[in-house]
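Here's the structure we're looking at; comments come further down.
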Amino acid sequence: DAKTTQPTSMDCAEGRAANLPCNHSTISGNEYVYWYRQIHSQGPQYIIHGLKNNETNEMASLIITEDRKSSTLILPHATLRDTAVYYCIGQANFGNEKLTFGTGTRLTIIP
Amino acid sequence: KAGVTQTPRYLIKTRGQQVTLSCSPISGHRSVSWYQQTPGQGLQFLFEYFSETQRNKGNFPGRFSGRQFSNSRSEMNVSTLELGDSALYLCASRDRGLSYEQYFGPGTRLTVT
């Protein structure tokens with residue numbers, strides 16, 4: 001599984017876009033980039049995943065660099081409820097259910 | 001659909017005892033994984049069950065075990081509890097083969113005294 005590196009913490013003003021970076025320089029060709037978040041005292045919540053194309057869903061956008069060594073999760077209009085720890089995970093899909101969580105980024109939305 | 005449910009939500013045990021935690025996956029999901037979360041070690045994978053068979057296992061001692069029933073419900077057991085087993089135990093389910101994301105339950109907070 002790819003090792004990922006994320007900043008320990010970030011702040012973002014409410015209503016602004018939150019951009020969370022992740023480095024995964026050792027990611028292999030068949031590994032996807034997953035993002036989960038964990039709001040205090042709750043179970044992690046899936047946000048989005050991608051292989052090499054940019055992805056968007058109702059929660060966020062995922063921008064993956066062409067060389068796949070890094071990615072950015074974008075929350076377009078951050079709200080206070082987006083305050084959480086965000087995990088970036090490199091993971092192959094086929095036959096492997098294990099998610100290897102790092103320390104993540106603690107995102108605080110400032111009113 | 002109802003989400004992943006875990007029981008009990010909170011539990012206090014003493015050293016040396018054993019404990020059983022339960023997880024009911026989302027209806028139709030046949031894969032259940034278990035994770036341990038502690039402040040020092042973060043989120044760590046314990047094991048995964050699919051169709052009543054353990055398919056993957058993390059680096060935990062044999063005191064940690066699990067099983068899955070024919071209705072996909074899963075239990076995990078910890079024997080001879082140690083203080084270091086105090087943690088949030090999370091269960092996640094997935095519709096294996098159709099989607100990539102795992103859906104986590106709220107967890108069981110185990111305190112060992």
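Once the other residues with Cβ under 14 Å from the Cβ of A:Gln42 are scored (Lys, Arg +1; Asp, Glu -1), what is the net sum? Net of charged neighbours comes to +3.
Where the accessible area of chain A is counted over protein heavy atoms with a 1.4 Å probe, how much of it, in %, is carbon and sulfur? Kindly include the intermediate steps, with their values, before the conclusion.
Values: 2790 of 5620 Å².
Carbon with sulfur: 50 percent of the solvent-accessible area.
When +1 charges are put on Lys and Arg Cβ atoms and -1 charges on Asp and Glu Cβ atoms, the dipole computed for chain B relative to its Cα centre reaches about 120 debye.
Ranking B:Gly40, B:Tyr10, A:Ala84 by Cα position along the charge dipole of the protein assembly as shown, where only Lys, Arg, Asp and Glu carry charges on their C-beta atoms, puts B:Tyr10 farthest toward the positive end. Applying both filters, DSSP loop and at most 13 other Cβ atoms within 10 Å, to the trypsin sites (Lys or Arg not before Pro) of the stretch B:49-85 gives B:Arg63. Loop-located GluC sites (Glu not before Pro) across the stretch B:1-86 with a Cβ neighbour count of 15 or fewer within 10 Å are B:Glu52, B:Glu82, with loop assigned by DSSP.
Can you give me the relative contact order of chain B as a percent, contacts being Cα pairs under 8 Å and 6 or more apart?
On the way: 286 pairs, mean separation 40.9, N = 113.
Over chain B, the number comes to 36 percent.
Expressed in whole Å with the largest first, what are the equivalent ellipsoid semi-axes of the stretch B:1-112 derived from the C-alpha gyration tensor as the square root of 5 times each eigenvalue? The three semi-axes for the stretch B:1-112 are 23, 14, 13 Å. Of the chymotrypsin sites (Phe, Trp or Tyr not before Pro) in the stretch B:25-113, the ones in a loop by DSSP (not H, G, I, E or B) with at most 15 other beta carbons within 10 Å are B:Phe69, B:Tyr100. Result for chain A in a Gaussian network model with C-alpha springs under 10 Å: among A:Lys69, A:Lys98, A:Lys52, the largest mean-square fluctuation is at A:Lys98.
Cysteines of chain A lacking any other cysteine Cβ under 4.7 Å from their own Cβ: A:Cys12.
Averaged over its residues, chain A has an accessible area of 51 Å² per residue, based on protein heavy atoms and a 1.4 Å probe. Taking amide H as placed 1.01 Å from N in the peptide plane, the amide H of B:Phe47 sits under 5 Å from that of B:Trp34, B:Gly58, each at least 5 places away or on another chain.
With Cα atoms defining each centre, the stretch A:13-31 and the stretch B:1-61 are spaced 28 Å apart in the structure. For chain A, modelled as a GNM whose springs connect Cα atoms under 10 angstrom apart, the maximal fluctuation among A:Tyr36, A:Tyr46, A:Tyr86 occurs at A:Tyr46.
With every protein chain kept in place and ligands, DNA and RNA left out, what is the accessible area per residue of the stretch B:1-59? Probe 1.4 Å, answer in Å². Provide the component values of the computation, followed by the final result.
On the way: 3170 Å² over 59 residues.
Per-residue accessible area for the stretch B:1-59 comes out at 54 Å².
Here the dipole of chain A is about 160 debye; that uses its Cα centre as origin and unit charges on the Cβ of Lys and Arg (positive) and Asp and Glu (negative). Leaving out ligands, DNA and RNA, calculate the buried accessible area for the pair A and B with a 1.4 Å probe, summed over both sides, in Å² to the nearest 100. The A and B chains share an interface burying roughly 1600 Å².
By the Kirkwood approach, averaging reciprocal distances over each pair of separate Cα atoms, chain A gets a hydrodynamic radius of 13.9 Å. Here the protein assembly as shown carries DSSP beta bridges of which approximately 90% are antiparallel, counting only pairs with both residues inside.
The values are calculated or read from the model by the stated rules, or taken from the named source; none is laboratory data. Because the structure is a prediction, the values reported are computed rather than measured. Quick reminder, even Gly has a Cβ in these numbers, built from the backbone with ideal geometry, and neighbours come from all protein chains shown. Accessible surface is based on the protein model in full, side chains and every heavy atom, while ligands, DNA and RNA are left aside. Shrake-Rupley method; radii C 1.70, N 1.55, O 1.52, S 1.80 Å.
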